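Participant: The following block contains the structure, expressed as structure tokens.
A short reminder: the numbers here are calculations on the coordinates, not readings from a lab. This one's a predicted model, so the numbers in the text were calculated from it and none came from an experiment. Here the Cβ is made from the backbone with ideal geometry for all residues, glycine too, and neighbour counts use every protein chain on show.
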Protein chains: 2
Amino acid sequence: VRIVLDTLGSDNPPAEIIKGGVEAAKAFQVEMVFSGDGKLIEEELKRYPNVRFSIIHAPEIITMEDSPAEAVRRKKDSSLVRGIEALKEGTTEAFVSPANTGAVMAASLLKLGRIPGIDRPGIAAVIPTLQGGKMLLIDVGANTDCTPENIKQFAIMGKVYCQEILRVENPTVGLRSIGAEKHKGNKLVQKTFALLESLEGFVGNVESNWLLRGEVDVVVCDGFVGNICLKAYEGCAEATIALLQKAIRSSWLAKLGALFLKPVLKDFKQEMSASRYGGAPLLGVRGTVIIAHGHSDHKAIKNAIGVAVNSVEHKLVEKIEQGILKYAETPCGSLQRTI
Amino acid sequence: VRIVLDTLGSDNPPAEIIKGGVEAAKAFQVEMVFSGDGKLIEEELKRYPNVRFSIIHAPEIITMEDSPAEAVRRKKDSSLVRGIEALKEGTTEAFVSPANTGAVMAASLLKLGRIPGIDRPGIAAVIPTLQGGKMLLIDVGANTDCTPENIKQFAIMGKVYCQEILRVENPTVGLRSIGAEKHKGNKLVQKTFALLESLEGFVGNVESNWLLRGEVDVVVCDGFVGNICLKAYEGCAEATIALLQKAIRSSWLAKLGALFLKPVLKDFKQEMSASRYGGAPLLGVRGTVIIAHGHSDHKAIKNAIGVAVNSVEHKLVEKIEQGILKYAETPCGSLQRTI
């Protein structure tokens, strides 16, 4: 397996991103293709002997502030655009980027195109549950305004991902809302509920607290709500750890207790940390594209590459194509028109 | 100050709700009016001598499953409807209920009416921040679909609440979105941003992690997004505590550490607990209405009554009326039409 890693345009310097790529190459026995400033990459890789790699020299940077569609059109020699092109040409099998999410999405749509039957791709985030399991939230930010048909397509892609990559048999699907009852939610959710009722495994509306308990495998929503949810979890986890640390510092007895608790607290912090779940697949485009968090450190990058390897090995794109065909046999709005 | 407490229709039995009312009567030196099953209330209050109280005998129950508008029309003898009526008649100064939120909102609109200049009331939640301060999130569930004008009105009411009740000078207002830049967010957020730009104290879009850091005083959004946020915080706080407890149970050394840490962990749990921040004011109706969580225990009820007392003492409804008039002088959509 050959995987392109976009080394520019994230919040961290290229050296940190490259370190993650090197660790992934060793851990997953894959060949890395580093896209970015060729000289800088070569210099950096001198520190890691015995790593098989190649370089795409594409020194232009798409920044977090760039307008996605325009940047993809104008910055033809950027690490992001050239990386996606390498995937398109078939010389590599997956693309991983911690850069501007909108630009990754725009370049993927422009260069790779959509899987037939999918109107809008969605970004899926894997969220840890209290039982130590995993739950998929889709869409977490690709589309700020969605139709009920878009959300049904997210549901189908989420089911396939859960089955093929997370190895869950007959995954259940919930619709993110603000109450369990059918009539609860805004107009979009109510219309989507009606459309999802015919989907195998649909369990109705779900609220946030059930979701972290892992009572459902896939949760769907529009990208605005999904991103709000994801950021709320991240923000709250961060806040909780800070509050706990403050509480511990408040007395010497607590400090003593914390000393004994140290290994447990360290594990706990890691469990809550976003870097363990570094990669969010962009589902619905014709190619394996994994989006990493803009703040990704080397561990998060390594994990994002792990997600890419898993997706390639399980032929995720093909499986989604088959899933869309299968569920399109049941009535499903725009799906039947597109195929 | 006389405050009506709705004792029926929450997830907890009336005895638990009444206990909260009794504690509030003692703590805040107020007279409680218990609305509900008269016999049951009288029986229960025998356990608490020396408490001044009166009873509204209204034994009908509006359940969590009832359709709000219909229930308010049909169940004329319910503790909820009769309680709001007592507020309307002016025999009491505030109404507190842990029952069906939609029904509290519907009854308030029907019986009390709106403050001039307000198209839709909003529910405001007070959220603790990392600095030990407080932040106001509005709307957290009264309106699932909103216009930009509705959200601007939430912003004005939130500013007034922050200033008068939380005693913050010149409160800042942020718009809940998925990125700081002006163009980030869905169509509703983009239109609202344009409308809020002229509002004093508006700081632009805010994300979740900044919000818990307390970098802004009031955060506005539609009620669907606000409820999703609030539930995500609750769910995540619950999950964090459970994960920590699990981690502690995993080794004897950790258990020993936890023993020393016990008082701190207890404080921490309380800090995270929803019951400390029991009451969410329904802003924009002509009367002081406080909505408590459906799971409220006696502590949460006591705190919700505390919020009611504070609102009455600071003449919140009058102050909102004045705030709307003040900000209506600056261009503000439907606001000028209504006044």
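Participant: Choose one of A:Q131, B:S250, B:C146: the residue whose Cα lies farthest towards the positive end of the charge dipole of the protein assembly as shown (beta-carbon charges +1 Lys, Arg; -1 Asp, Glu; about the Cα centre).
Facilitator: B:S250
Participant: Would you mind calculating the gained length between A:L110 and A:K266 on full extension (0.36 nm times residue separation, minus the Cα-Cα distance), in nm to one decimal?
Facilitator: 51.9 nm
Participant: Taking the simple approach of a point 7 Å from Cα along Cα-to-Cβ for both B:D77 and B:K246, what is their distance in nm?
Facilitator: Each label point is offset 7 Å from its Cα along the Cβ direction, giving 5.0 nm.
Participant: I'd like the distance between the alpha-carbon centres of region B:111-151 and region B:170-217, rounded to an integer number of Å.
Facilitator: 14 Å
Participant: Taking every DSSP beta bridge that has both residues in chain A, what percent is antiparallel when rounded to the nearest 5?
Facilitator: The antiparallel fraction comes to roughly 30 percent.
Participant: Further question on the same structure: If you count the DSSP beta bridges with both ends in the protein assembly as shown, what percent of them are antiparallel, to the nearest 5?
Facilitator: Percent antiparallel among DSSP bridges in the protein assembly as shown is about 30.
Participant: Between A:L166 and A:S54, how high is the FRET efficiency from 1/(1 + (r/R0)^6) when r is the Cβ-Cβ distance and R₀ = 22 Å? Nearest 0.05.
Facilitator: With a Förster radius of 22 Å, E is 0.10.
Participant: Can you tell me the relative contact order of region A:1-151? Whole percent, Cα pairs under 8 Å, sequence separation 6 or more.
Facilitator: Relative contact order for region A:1-151 comes out at 23 percent.
Participant: Using the Cα atoms of chain B, I'd like the radius of gyration and the largest Cα-Cα distance, Dmax, both in angstrom.
Facilitator: Using the Cα atoms of chain B, the pair Rg, Dmax is 20.6, 68 Å.
Participant: In region A:106-188, what GluC sites (Glu not before Pro) fall in a loop by DSSP, with at most 15 other Cβ atoms inside 10 Å?
Facilitator: The qualifying sites are A:E169, A:E181.
Participant: Here's another thing I want to ask about it. With each run of n ≥ 4 DSSP H residues scored as -39500 (n - 2.57), what mean residue ellipticity at 222 nm is computed for chain A after dividing by its residue count and rounding to the nearest 500 deg cm²/dmol?
Facilitator: -15500 deg cm²/dmol
Participant: Find the Cα radius of gyration of region A:1-54, compare it with 2.2 N^0.38 Å by division, and give the number to two decimals.
Facilitator: Dividing the Cα Rg of region A:1-54 by 2.2 N^0.38 Å gives 1.01.
Participant: Here's another thing I want to ask about it. Taking 8 Å as the Cα distance limit and 6 or more residues as the minimum spacing, I'd like the relative contact order of chain B as a percentage.
Facilitator: 23 percent
Participant: Then there's this: Tell me, what is the FRET efficiency for A:Q29 and B:E65 to the nearest 0.05, using R0 = 60 angstrom and their Cβ-Cβ distance as r?
Facilitator: 0.60
Participant: Here's something else I'd like to know. Dipole magnitude of region B:7-83 about its Cα centre, charges +1 at Lys/Arg Cβ and -1 at Asp/Glu Cβ only, in debye to the nearest 20? Don't skip to the answer; put the middle values down first.
Facilitator: Details: 11 positive and 13 negative charges, 58 e Å.
For this selection, approximately 280 debye.
Participant: Out of residues 5 or more away from B:V285 or on other chains, whose amide H comes under 5 Å of its own, with H placed 1.01 Å from N in the peptide plane?
Facilitator: Here the answer is B:I115, since their amide H atoms fall under 5 Å of that of B:V285.
Participant: Considering amide H positions built from the backbone, and no H for Pro or chain starts, which residues 5 or more places from B:A292, or on another chain, come under 5 Å of its amide H?
Facilitator: B:S97, B:A99, B:A280
Participant: Can you tell me the alpha carbon radius of gyration of region B:174-228 divided by the globular rule-of-thumb value 2.2 N^0.38 Å?
Facilitator: Output field value: 1.03.
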